[in-house]
Amino acid sequence: MTTDNHSTLFSPLTIAAPDGPGLTLRNRTILSPMCQYAVTKHDGVATDWHLQHYGAMAAGGFGMLTIESTGVNPVGRISPNDLGMYSDEQVDAHRRLVSFAHAQGAAVAVQLNHAGGRASGNPWLADSHGGSAPIEDGGWQTVGMTDQSIAKGYRPTTKLDKAGLAEIVQDFADAARQADEAGYDAIQIHAAHGYLLHQSLSPLTNTRTDEYGGSEENRFRLTREVVDAVRAAWPATKPLGIRISATDWVEGGLDIDVTARLMRDLVRHHGINWVDVSSGGLVNTPLQPSGPGFHAILGAQMKRALADTDATVSVVGGISSPEQAETMLRTKQVDAVSIGRAAMRNPHWPAIAAARLGVPRENIPAAPQYWRAEW
Ligand SMILES: Cc1cc2nc3c(=O)[nH]c(=O)nc-3n(C[C@H](O)[C@H](O)[C@H](O)COP(=O)(O)O)c2cc1C
């Protein structure tokens with residue numbers, strides 16, 4: 001608990017961009033991307049559910065929202081009920097979300113993803129447990145780094161050749177252009193949680209023998225190409241982010257030394273401005289640890305590895321206590337916190353956290369309509 005009414009968590013944060021002043025957030029709370037599986041027509045277009053869900057988070061005081069995993073092409077969506085960024089109708093629906101969130105004072109990022117062998121999944125709603133969605137329920141043949149199944153319950157993928165990988169790189173660039181048209185302030189490239197880029201980075205899943213597999217340099221290649229293509233298509237005045245699984249939690253897999261090396265290169269030479277630290281998610285690997293702030297140490301290690309750069313480092317995982325988040329920022333472990341499930345339980349997490357940390361009433365980031373809620 002702070003005693004001086006000054007909270008670091010509720011101080012503004014500027015995420016740098018290659019040109020211009022960068023993007024200033026009203027505070028250091030970032031909504032973590034969370035699939036809603038709420039696209040009803042399997043067309044990748046956001047619905048009223050998305051508007052009310054993200055609208056509540058913006059009204060609840062987040063500095064920035066990260067909109068859930070959004071497929072850069074139809075085959076790259078995590079499930080048939082996921083958002084896309086490859087049609088005009090999708091862009092129009094994204095624009096509506098962004099403009100409402102902006103009106104509430106929140107900045108908005110979109111997480112661009114190709115799910116590789118974990119695409120075409122059953123949406124993890126109610127009684128469903130992952131694995132491939134049957135073709136008759138809207139599923140499709142997936143593509144990946146190899147012709148293997150990525151995990152139990154997922155169909156084997158069609159192995160991408162060089163031309164296929166180049167098309168995906170182009171799809172990321174096209175999606176970035178459309179994200180700009182929709183008004184997004186930042187992009188987060190999804191390189192975590194067992195999706196295509198993570199599949200390509202990890203030696204546990206990338207067994208290719210061409211220039212996209214084998215050595216670290218080769219396994220980094222696809223992610224570097226995606227980052228370069230997105231950076232070229234995305235305004236230099238806007239920040240570009242990436243989410244990374246900092247470790248696979250498995251001997252012989254990715255670890256913090258490897259991923260920190262990759263992030264240093266992407267920040268210093270490829271225009272990444274924001275690194276969001278997560279872990280795990282290669283589906284057949286052991287469950288990652290959980291509990292309060294379970295990635296805090298990885299976030300701090302990544303921050304240290306990037307200390308001589310102007311990159312913003314955020315960390316996700318089990319952050320629900322305002323006091324813990326405040327301490328993580330005051331002690332400079334990271335620059336911002338990403339909040340996932342705590343925000344689903346309570347979309348007003350930031351406003352309530354600000355009140356609890358003693359932020360003066362006039363600085364509590366609640367919508368004016370809710371001022372009389374007596375924070
Ligand atoms: C329902 C749900 C959907 C999720 N979807 C995504 C996603 O689209 N992209 C992603 O990177 N992580 C996704 N995650 C992971 C969260 O962003 C977050 O990293 C994880 O829940 C740990 O943070 P927390 O303890 O604050 O919830 C999802 C998590 C949940 C619970």
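The values are calculated or read from the model by the stated rules, or taken from the named source; none is laboratory data. Quick caveat: nothing in here was measured; it's all calculated off a predicted structure. All Cβ positions, glycine included, derive from the backbone under ideal geometry; neighbour counts span all protein chains shown. Please note that ligands, DNA and RNA were not included when accessible areas were found on the heavy atoms of the full protein model with its side chains. Shrake-Rupley method; radii C 1.70, N 1.55, O 1.52, S 1.80 Å.
Return the sequence-ordered ³J(HN,Hα) values of region 231-242 in whole Hz as given by the Karplus equation 6.51 cos²θ - 1.76 cosθ + 1.60 applied to θ = phi - 60°, using x for Gly and Pro.
4, 6, 8, 9, x, 5, 7, 10, x, 10, x, 8
Need the full-extension length gain, residue 162 to residue 330, defined as separation in residues times 0.36 nm minus the C-alpha distance. One decimal, nm.
Working it through step by step, the gained length comes to 55.9 nm.
Return the distance in nm (one decimal) between the two label points of a simple spin-label model at residue 250 and residue 232, each offset 7 Å from Cα along Cα→Cβ.
3.4
Using a Cα-Cα cut-off of under 13 Å, which aspartates and glutamates could be cross-linked to residue 41, ignoring same-chain neighbours fewer than 8 residues away?
82, 89, 137
What are the residues whose amide H is under 5 Å from the amide H of residue 158, where those residues sit 5 or more places off or on another chain and H is modelled from the backbone?
Residues meeting the amide H criterion: 142, 143, 144.
Grab the alpha carbons of region 250-375, take their convex hull, and tell me the volume per residue in Å³.
Given the Cα convex hull of region 250-375, per-residue volume reads 138 Å³.
May I ask you to compute the full-extension gain from residue 42 to residue 341, defined as 0.36 nm times their residue separation minus their alpha-carbon distance, rounded to one decimal in nm?
105.2 nm
What's the extension gain from residue 297 to residue 87 if we count 0.36 nm per residue and subtract their Cα-Cα distance?
Between residue 297 and residue 87, full extension yields 71.6 nm more.
Which percent of the accessible heavy-atom area of region 61-147 goes to carbon and sulfur, probe 1.4 angstrom?
So the carbon and sulfur contribution to the accessible surface is 54 percent.
Return the FRET efficiency for the residue pair residue 323, residue 99: r is the Cβ-Cβ distance, R0 is 35 Å, and the value is rounded to the nearest 0.05.
Efficiency, from the Cβ-Cβ distance: 0.55.
Per residue, how much accessible area does the chain have with a 1.4 Å probe, in Å²?
Solvent-accessible surface per residue comes out at 39 Å².
Let me have the 222 nm mean residue ellipticity of the chain computed from DSSP H runs of 4+ only, each contributing -39500 (n - 2.57), with the sum over all residues rounded to the nearest 500.
Here the helix-only value at 222 nm equals -9500 deg cm²/dmol.
Whenever you get a sec, compute what percent of the accessible area on region 219-375 sits on carbon and sulfur atoms (1.4 Å probe).
C and S fraction of accessible area: 52 percent.
Cα to Cα, under 19 Å, and not fewer than 8 places away if on the same chain: which lysines meet these conditions relative to residue 332?
Result set, ordered by chain and number: 303.
In square angstrom, rounded to the nearest 10, how much accessible surface does residue 77 have for a 1.4 Å probe?
Probe radius 1.4 Å; accessible area of residue 77 about 20 Å².
I need the shape label for the chain. Rule: rounded when a/c is under 1.5, else prolate if a/b > b/c, else oblate, with a, b, c from the alpha carbon gyration tensor.
Since a/c reaches 1.5 and a/b is larger than b/c, the shape of the chain is classed as prolate.
At what distance in angstrom do the alpha carbon centres of region 288-313 and region 50-127 lie from each other?
That distance is 25 Å.
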